[in-house]
Amino acid sequence: MNVVEIRDVSKRFKEHGKWFYVLNNVSLDVKEGEIFGLLGPNGAGKTTLLNILLGILTPDSGQARIFGKDVIKDRGILERVNFVSGETRFHWLLSVEDVLRFHGRSYGLKGEVIDKRIRELTKFFGIDDILNRKFFNLSTGQRMRLIFAKSLINDPRLVFFDEPTLGLDPSIAIKIRKEIKRINKEQGTTVLLTSHYMHEIEQLSDRIAFIHKGKIIDTGTVEKVKLKKFSTYDVFLNVREIKNRDYLKRNGFRILGKNRLQKELQLGESISGLLSSLANNGIDVTNIETRKPTLEDYFVKIMEEKK
Ligand SMILES: Nc1ncnc2c1ncn2[C@@H]1O[C@H](COP(=O)(O)OP(=O)(O)O)[C@@H](O)[C@H]1O
Ligand SMILES: [Mg+2]
(Lines give C-alpha, C1' and ligand atoms only; values in the text may rest on other atoms or scores of the structure.)
(Ligands and ions follow the chains in the order given, each with its own letter.)
Protein backbone atom coordinates (compact mmCIF):
# COMPACT_ATOMS: atom_id res chain seq x y z
CA MET A 1 0.00 0.00 0.00
CA ASN A 2 1.17 3.54 -0.75
CA VAL A 3 1.24 5.70 2.34
CA VAL A 4 2.29 8.76 0.38
CA GLU A 5 1.35 9.54 -3.21
CA ILE A 6 2.60 12.68 -4.85
CA ARG A 7 1.35 13.24 -8.37
CA ASP A 8 2.70 15.93 -10.71
CA VAL A 9 3.12 18.46 -7.93
CA SER A 10 4.43 21.87 -8.94
CA LYS A 11 5.02 24.90 -6.75
CA ARG A 12 6.33 28.31 -7.73
CA PHE A 13 7.62 31.15 -5.57
CA LYS A 14 8.31 34.72 -6.50
CA GLU A 15 11.76 36.08 -5.84
CA HIS A 16 12.93 39.58 -6.85
CA GLY A 17 9.75 39.92 -8.91
CA LYS A 18 10.42 36.72 -10.86
CA TRP A 19 8.66 33.39 -10.54
CA PHE A 20 10.68 30.25 -10.20
CA TYR A 21 9.72 26.62 -9.77
CA VAL A 22 10.68 25.17 -6.40
CA LEU A 23 8.97 21.91 -7.39
CA ASN A 24 8.49 20.99 -11.00
CA ASN A 25 6.14 18.08 -11.75
CA VAL A 26 7.22 15.94 -8.86
CA SER A 27 5.74 12.45 -8.49
CA LEU A 28 6.67 9.83 -5.95
CA ASP A 29 5.24 7.04 -3.79
CA VAL A 30 6.21 5.91 -0.32
CA LYS A 31 5.13 2.40 0.64
CA GLU A 32 3.87 1.26 4.01
CA GLY A 33 6.65 0.31 6.44
CA GLU A 34 9.57 1.67 4.48
CA ILE A 35 12.16 4.31 5.19
CA PHE A 36 12.15 6.54 2.15
CA GLY A 37 15.01 9.00 1.71
CA LEU A 38 14.60 12.24 -0.17
CA LEU A 39 18.09 13.28 -1.14
CA GLY A 40 19.14 16.56 -2.67
CA PRO A 41 21.40 19.56 -2.28
CA ASN A 42 20.35 22.62 -0.26
CA GLY A 43 17.53 24.48 -1.95
CA ALA A 44 16.43 21.45 -3.99
CA GLY A 45 12.85 21.67 -2.69
CA LYS A 46 12.81 18.94 -0.03
CA THR A 47 11.29 20.97 2.79
CA THR A 48 8.77 22.52 0.42
CA LEU A 49 7.62 19.04 -0.55
CA LEU A 50 7.17 18.05 3.11
CA ASN A 51 5.27 21.27 3.78
CA ILE A 52 2.91 20.38 0.95
CA LEU A 53 2.38 16.92 2.45
CA LEU A 54 1.65 18.52 5.81
CA GLY A 55 -0.95 20.81 4.26
CA ILE A 56 1.10 23.88 5.27
CA LEU A 57 1.62 24.88 1.62
CA THR A 58 -0.78 24.31 -1.26
CA PRO A 59 0.66 23.10 -4.53
CA ASP A 60 -0.02 25.19 -7.65
CA SER A 61 -0.90 21.99 -9.46
CA GLY A 62 -0.91 18.26 -8.80
CA GLN A 63 -2.00 16.24 -5.81
CA ALA A 64 -0.55 15.09 -2.51
CA ARG A 65 -2.24 12.13 -0.86
CA ILE A 66 -1.57 10.41 2.46
CA PHE A 67 -3.22 7.02 2.98
CA GLY A 68 -5.17 7.74 -0.16
CA LYS A 69 -6.62 11.02 1.16
CA ASP A 70 -5.96 14.38 -0.40
CA VAL A 71 -4.22 16.43 2.33
CA ILE A 72 -5.98 19.61 1.27
CA LYS A 73 -9.53 18.23 1.21
CA ASP A 74 -9.16 15.72 4.02
CA ARG A 75 -7.17 17.38 6.78
CA GLY A 76 -8.22 14.77 9.33
CA ILE A 77 -5.66 12.43 7.82
CA LEU A 78 -2.90 14.59 9.30
CA GLU A 79 -3.76 13.18 12.73
CA ARG A 80 -1.99 10.01 11.65
CA VAL A 81 1.15 11.92 10.71
CA ASN A 82 3.87 13.64 12.70
CA PHE A 83 6.84 15.75 11.80
CA VAL A 84 10.12 16.99 13.22
CA SER A 85 13.08 18.74 11.74
CA GLY A 86 16.67 19.18 12.81
CA GLU A 87 15.60 22.72 13.59
CA THR A 88 12.79 21.75 15.96
CA ARG A 89 13.11 23.58 19.29
CA PHE A 90 10.73 23.95 22.21
CA HIS A 91 10.15 26.81 24.62
CA TRP A 92 13.08 26.89 27.00
CA LEU A 93 10.93 26.88 30.15
CA LEU A 94 8.83 23.84 29.24
CA SER A 95 9.72 20.55 30.90
CA VAL A 96 9.99 17.25 29.05
CA GLU A 97 6.52 16.34 30.26
CA ASP A 98 5.06 19.78 29.36
CA VAL A 99 6.33 19.47 25.80
CA LEU A 100 4.82 16.03 25.30
CA ARG A 101 1.54 16.98 27.00
CA PHE A 102 1.22 20.11 24.86
CA HIS A 103 1.82 18.25 21.61
CA GLY A 104 -0.38 15.35 22.71
CA ARG A 105 -3.22 17.78 23.40
CA SER A 106 -2.78 19.41 20.03
CA TYR A 107 -3.55 15.96 18.58
CA GLY A 108 -6.64 15.73 20.80
CA LEU A 109 -5.21 13.25 23.32
CA LYS A 110 -6.53 13.54 26.89
CA GLY A 111 -6.55 12.01 30.37
CA GLU A 112 -5.37 8.42 30.76
CA VAL A 113 -4.47 8.11 27.09
CA ILE A 114 -1.97 10.95 27.12
CA ASP A 115 -0.49 9.89 30.51
CA LYS A 116 0.08 6.39 29.20
CA ARG A 117 1.59 7.62 25.95
CA ILE A 118 4.02 9.93 27.78
CA ARG A 119 5.06 7.06 30.07
CA GLU A 120 5.62 4.70 27.15
CA LEU A 121 7.54 7.13 24.98
CA THR A 122 9.81 8.57 27.67
CA LYS A 123 10.66 4.99 28.63
CA PHE A 124 11.26 4.01 24.99
CA PHE A 125 13.69 6.89 24.53
CA GLY A 126 15.25 6.68 28.01
CA ILE A 127 14.13 10.09 29.30
CA ASP A 128 11.60 8.87 31.88
CA ASP A 129 13.90 9.96 34.71
CA ILE A 130 13.99 13.63 33.62
CA LEU A 131 10.28 14.33 33.09
CA ASN A 132 10.48 17.60 35.06
CA ARG A 133 13.68 18.93 33.55
CA LYS A 134 13.27 22.14 31.58
CA PHE A 135 14.15 22.22 27.92
CA PHE A 136 17.05 24.66 28.41
CA ASN A 137 18.65 22.25 30.90
CA LEU A 138 18.65 19.28 28.54
CA SER A 139 21.81 18.05 26.85
CA THR A 140 21.86 17.80 23.06
CA GLY A 141 21.26 14.07 23.29
CA GLN A 142 18.30 14.50 25.65
CA ARG A 143 16.82 17.18 23.39
CA MET A 144 17.15 14.83 20.48
CA ARG A 145 15.32 12.09 22.41
CA LEU A 146 12.56 14.50 23.38
CA ILE A 147 12.16 15.57 19.77
CA PHE A 148 11.78 11.92 18.75
CA ALA A 149 9.30 11.29 21.57
CA LYS A 150 7.29 14.28 20.32
CA SER A 151 7.36 12.87 16.81
CA LEU A 152 5.56 9.73 18.03
CA ILE A 153 3.14 11.28 20.54
CA ASN A 154 0.04 10.69 18.41
CA ASP A 155 1.12 7.14 17.52
CA PRO A 156 1.56 8.22 13.89
CA ARG A 157 1.64 5.74 11.03
CA LEU A 158 3.88 8.12 9.08
CA VAL A 159 6.64 10.44 10.30
CA PHE A 160 8.60 13.06 8.42
CA PHE A 161 12.15 13.78 9.53
CA ASP A 162 13.50 16.87 7.81
CA GLU A 163 17.31 16.98 7.96
CA PRO A 164 17.28 15.33 11.40
CA THR A 165 21.04 15.48 11.97
CA LEU A 166 21.70 18.94 10.54
CA GLY A 167 24.64 20.57 12.30
CA LEU A 168 24.94 17.91 15.02
CA ASP A 169 28.21 16.35 16.05
CA PRO A 170 28.86 12.90 14.58
CA SER A 171 28.30 10.89 17.77
CA ILE A 172 24.79 12.34 18.18
CA ALA A 173 24.12 11.92 14.46
CA ILE A 174 24.92 8.21 14.75
CA LYS A 175 22.46 7.88 17.65
CA ILE A 176 19.78 9.68 15.66
CA ARG A 177 20.19 7.27 12.75
CA LYS A 178 19.87 4.35 15.15
CA GLU A 179 16.69 5.80 16.63
CA ILE A 180 15.17 6.31 13.20
CA LYS A 181 15.83 2.66 12.35
CA ARG A 182 14.40 1.61 15.71
CA ILE A 183 11.23 3.68 15.31
CA ASN A 184 10.72 2.15 11.89
CA LYS A 185 11.38 -1.41 13.05
CA GLU A 186 9.84 -1.55 16.51
CA GLN A 187 6.92 0.84 16.04
CA GLY A 188 6.36 -0.11 12.41
CA THR A 189 6.21 3.56 11.46
CA THR A 190 6.70 4.57 7.84
CA VAL A 191 9.43 7.20 7.60
CA LEU A 192 9.98 9.89 5.00
CA LEU A 193 13.37 11.39 5.60
CA THR A 194 15.16 14.27 3.92
CA SER A 195 18.86 14.91 4.03
CA HIS A 196 21.67 16.32 1.99
CA TYR A 197 24.06 13.86 3.67
CA MET A 198 24.47 11.05 1.21
CA HIS A 199 25.86 8.46 3.61
CA GLU A 200 22.93 9.09 5.93
CA ILE A 201 20.38 8.42 3.23
CA GLU A 202 22.37 5.45 1.97
CA GLN A 203 22.57 3.93 5.42
CA LEU A 204 18.92 4.34 6.34
CA SER A 205 16.76 4.20 3.28
CA ASP A 206 15.00 1.28 1.66
CA ARG A 207 14.36 3.51 -1.34
CA ILE A 208 15.42 6.99 -2.30
CA ALA A 209 14.45 9.79 -4.63
CA PHE A 210 17.09 12.18 -5.78
CA ILE A 211 15.77 15.71 -6.14
CA HIS A 212 17.62 18.50 -7.88
CA LYS A 213 16.27 22.00 -8.58
CA GLY A 214 12.72 20.85 -7.91
CA LYS A 215 12.82 17.81 -10.16
CA ILE A 216 13.06 14.14 -9.28
CA ILE A 217 16.06 12.90 -11.21
CA ASP A 218 16.02 9.32 -10.08
CA THR A 219 14.17 7.02 -7.72
CA GLY A 220 14.48 3.41 -6.53
CA THR A 221 16.52 1.32 -4.10
CA VAL A 222 19.97 2.72 -3.38
CA GLU A 223 21.50 -0.25 -5.19
CA LYS A 224 19.32 0.17 -8.27
CA VAL A 225 19.87 3.90 -8.49
CA LYS A 226 23.61 3.43 -8.31
CA LEU A 227 23.45 0.64 -10.88
CA LYS A 228 22.07 3.10 -13.42
CA LYS A 229 25.26 5.12 -13.29
CA PHE A 230 27.78 2.44 -12.38
CA SER A 231 27.95 -1.08 -13.70
CA THR A 232 31.17 -2.24 -12.06
CA TYR A 233 33.00 -2.40 -8.76
CA ASP A 234 36.61 -3.01 -7.77
CA VAL A 235 38.04 -5.99 -5.96
CA PHE A 236 41.48 -5.77 -4.36
CA LEU A 237 43.27 -8.99 -3.51
CA ASN A 238 46.38 -9.76 -1.51
CA VAL A 239 48.05 -12.96 -2.68
CA ARG A 240 50.86 -15.05 -1.25
CA GLU A 241 52.78 -14.89 -4.49
CA ILE A 242 52.10 -13.56 -7.96
CA LYS A 243 52.48 -16.32 -10.52
CA ASN A 244 50.83 -17.44 -13.74
CA ARG A 245 51.00 -13.87 -15.13
CA ASP A 246 49.55 -15.00 -18.45
CA TYR A 247 46.41 -16.20 -16.78
CA LEU A 248 46.16 -12.96 -14.76
CA LYS A 249 46.55 -10.81 -17.86
CA ARG A 250 44.04 -12.80 -19.88
CA ASN A 251 41.48 -12.45 -17.11
CA GLY A 252 41.79 -8.72 -16.64
CA PHE A 253 43.71 -8.58 -13.37
CA ARG A 254 45.93 -5.59 -12.74
CA ILE A 255 49.10 -6.19 -10.78
CA LEU A 256 49.42 -3.40 -8.23
CA GLY A 257 52.45 -4.58 -6.28
CA LYS A 258 54.43 -7.55 -5.17
CA ASN A 259 51.43 -9.25 -3.60
CA ARG A 260 48.51 -7.19 -4.71
CA LEU A 261 45.98 -7.50 -7.53
CA GLN A 262 42.96 -5.55 -8.64
CA LYS A 263 40.05 -6.62 -10.80
CA GLU A 264 36.88 -4.95 -11.94
CA LEU A 265 33.69 -6.99 -11.52
CA GLN A 266 30.19 -6.29 -12.77
CA LEU A 267 27.83 -5.16 -9.98
CA GLY A 268 25.93 -8.29 -9.08
CA GLU A 269 28.76 -10.59 -10.23
CA SER A 270 29.90 -12.89 -7.44
CA ILE A 271 33.32 -13.08 -5.85
CA SER A 272 33.30 -16.82 -5.24
CA GLY A 273 33.82 -17.58 -8.96
CA LEU A 274 36.81 -15.29 -8.95
CA LEU A 275 38.31 -16.94 -5.90
CA SER A 276 37.93 -20.49 -7.18
CA SER A 277 39.42 -19.53 -10.55
CA LEU A 278 42.45 -18.04 -8.79
CA ALA A 279 42.80 -21.15 -6.61
CA ASN A 280 42.61 -23.39 -9.70
CA ASN A 281 45.48 -21.42 -11.17
CA GLY A 282 47.67 -21.85 -8.14
CA ILE A 283 47.23 -18.38 -6.70
CA ASP A 284 46.68 -18.25 -2.97
CA VAL A 285 44.53 -15.32 -1.80
CA THR A 286 45.29 -14.01 1.70
CA ASN A 287 43.01 -10.99 1.84
CA ILE A 288 40.20 -9.47 -0.17
CA GLU A 289 38.56 -6.03 -0.17
CA THR A 290 35.82 -4.63 -2.34
CA ARG A 291 35.17 -1.02 -3.19
CA LYS A 292 31.64 -0.45 -4.43
CA PRO A 293 30.41 2.90 -5.72
CA THR A 294 28.74 4.92 -2.98
CA LEU A 295 25.81 7.26 -3.26
CA GLU A 296 28.38 10.02 -3.08
CA ASP A 297 30.07 8.73 -6.25
CA TYR A 298 26.62 8.69 -7.82
CA PHE A 299 25.90 12.24 -6.68
CA VAL A 300 29.20 13.55 -8.06
CA LYS A 301 28.49 11.89 -11.38
CA ILE A 302 24.97 13.32 -11.60
CA MET A 303 26.19 16.81 -10.74
CA GLU A 304 28.87 16.57 -13.44
CA GLU A 305 26.27 15.50 -15.97
CA LYS A 306 24.02 18.44 -15.01
CA LYS A 307 26.75 21.01 -15.63
N1 LIG B 1 8.06 30.82 1.18
C2 LIG B 1 9.02 30.96 0.26
N3 LIG B 1 9.07 32.03 -0.56
C4 LIG B 1 10.04 32.14 -1.50
N5 LIG B 1 10.99 31.20 -1.73
C6 LIG B 1 10.99 30.11 -0.95
C7 LIG B 1 10.01 29.91 0.09
N8 LIG B 1 10.26 28.71 0.69
C9 LIG B 1 11.34 28.20 0.06
N10 LIG B 1 11.78 29.03 -0.92
C11 LIG B 1 12.90 28.75 -1.81
O12 LIG B 1 12.65 27.53 -2.46
C13 LIG B 1 13.84 26.78 -2.67
C14 LIG B 1 13.71 25.40 -2.08
O15 LIG B 1 13.64 25.51 -0.69
P16 LIG B 1 13.51 24.26 0.26
O17 LIG B 1 12.31 23.46 -0.09
O18 LIG B 1 13.60 24.77 1.66
O19 LIG B 1 14.81 23.41 -0.13
P20 LIG B 1 15.58 22.25 0.69
O21 LIG B 1 14.73 21.87 1.85
O22 LIG B 1 15.76 21.16 -0.31
O23 LIG B 1 16.90 22.82 1.11
C24 LIG B 1 14.96 27.62 -2.07
O25 LIG B 1 15.56 28.35 -3.10
C26 LIG B 1 14.22 28.54 -1.12
O27 LIG B 1 14.93 29.75 -0.93
MG1 LIG C 1 15.17 21.86 3.87
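The values are calculated or read from the model by the stated rules, or taken from the named source; none is laboratory data. Computed from a predicted model, the values in this text were never measured in an experiment. Ideal geometry is used to build each Cβ from the backbone, glycine not excepted, and the neighbour counts take in all protein chains shown.
Just one residue in the set LYS123, LYS116 is surrounded by fewer than 14 Cβ atoms within 10 Å (Cβ to Cβ), in a helix (DSSP H, G or I) and at pLDDT 95 or above; that residue is LYS116.
Matching residues to (1) exposed (fewer than 13 other Cβ atoms within 10 Å of the Cβ); (2) at pLDDT 95 or above:
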position	(1), (2)
VAL191	no, yes
TYR197	no, no
ASP218	no, no
ASN238	no, yes
GLY268	yes, no
LYS292	no, no
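Going by the conditions given, is ILE52 away from ligand 2 (no atom under 16 Å from the Cβ), out of contact with any Leu (no Cβ under 7 Å at 6 or more places or on another chain), hydrophobic (A, V, I, L, M, F, W, C) and under 20 Å from THR190 (Cα atoms)? Taking the combined requirement at face value, the residue does not satisfy it.
For segment 89-113, how many residues are surrounded by fewer than 16 Cβ atoms within 10 Å (Cβ to Cβ) and charged (D, E, K, R)? Even if it seems obvious, please write down each step before you answer.
Filtering segment 89-113 for residues surrounded by fewer than 16 Cβ atoms within 10 Å (Cβ to Cβ) gives 89, 91-93, 102, 105-106, 108, 110-113.
Among the residues that remain, those that are also charged (D, E, K, R) are: 89, 105, 110, 112.
Here the count works out to 4.
Restricting segment 155-167 to residues that are surrounded by fewer than 20 Cβ atoms within 10 Å (Cβ to Cβ) and away from ligand 1 (no atom under 16 Å from the Cβ), which is farthest from ARG119 (Cα to Cα)? The residue in question is ARG157.
Scanning segment 122-151 for residues that are under 30 Å from LYS69 (Cβ atoms) and out of contact with any Leu (no Cβ under 6 Å at 6 or more places or on another chain) yields PHE124, PHE125, LEU146, ILE147, PHE148, LYS150, SER151.
Residue-by-condition table, conditions (1) assigned by TED's automatic domain parsing to the domain that holds PHE161; (2) part of a helix (DSSP H, G or I); (3) within 16 Å of ligand 2 (Cβ to nearest atom); (4) farther than 22 Å from ARG291 by Cα:
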{"residue": "HIS199", "(1), (2), (3), (4)": "yes, yes, no, no"}
{"residue": "ASN238", "(1), (2), (3), (4)": "no, no, no, no"}
{"residue": "LYS249", "(1), (2), (3), (4)": "no, yes, no, no"}
{"residue": "LEU278", "(1), (2), (3), (4)": "no, yes, no, no"}
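Quick one: which of LEU39, LEU93 is within 30 Å of SER139 (Cα to Cα) and within 16 Å of ligand 2 (Cβ to nearest atom)? Quick ask: steps written out before the conclusion?
Numbers: LEU93 fails: within 16 Å of ligand 2 (Cβ to nearest atom).
That would be LEU39, the only listed residue that is within 30 Å of SER139 (Cα to Cα) and within 16 Å of ligand 2 (Cβ to nearest atom).
Of the residues making up segment 17-25, none is away from ligand 1 (no atom under 12 Å from the Cβ) and among the hydroxyl-bearing types (Ser, Thr, Tyr). Report yes if PHE125 is within 16 Å of ligand 1 (Cβ to nearest atom), aromatic (Phe, Trp, Tyr) and closer than 24 Å to VAL3 by Cβ, otherwise no. For PHE125, the condition - within 16 Å of ligand 1 (Cβ to nearest atom), aromatic (Phe, Trp, Tyr) and closer than 24 Å to VAL3 by Cβ - is not met. In summary, ASP155 fulfils each of the numbered conditions (1) part of a loop (DSSP other than H, G, I, E, B); (2) among the charged types (D, E, K, R); (3) in contact with an Asp or Glu (Cβ under 9 Å, 6 or more places away or on another chain) with the single exception of condition (3). For the criterion of being crowded, with 18+ Cβ neighbours inside 10 Å and in a helix (DSSP H, G or I), LYS181 fails. Checking each residue in segment 31-77 for being more than 10 Å from ligand 1 (Cβ to nearest atom) and among the hydroxyl-bearing types (Ser, Thr, Tyr) picks out THR58, SER61.
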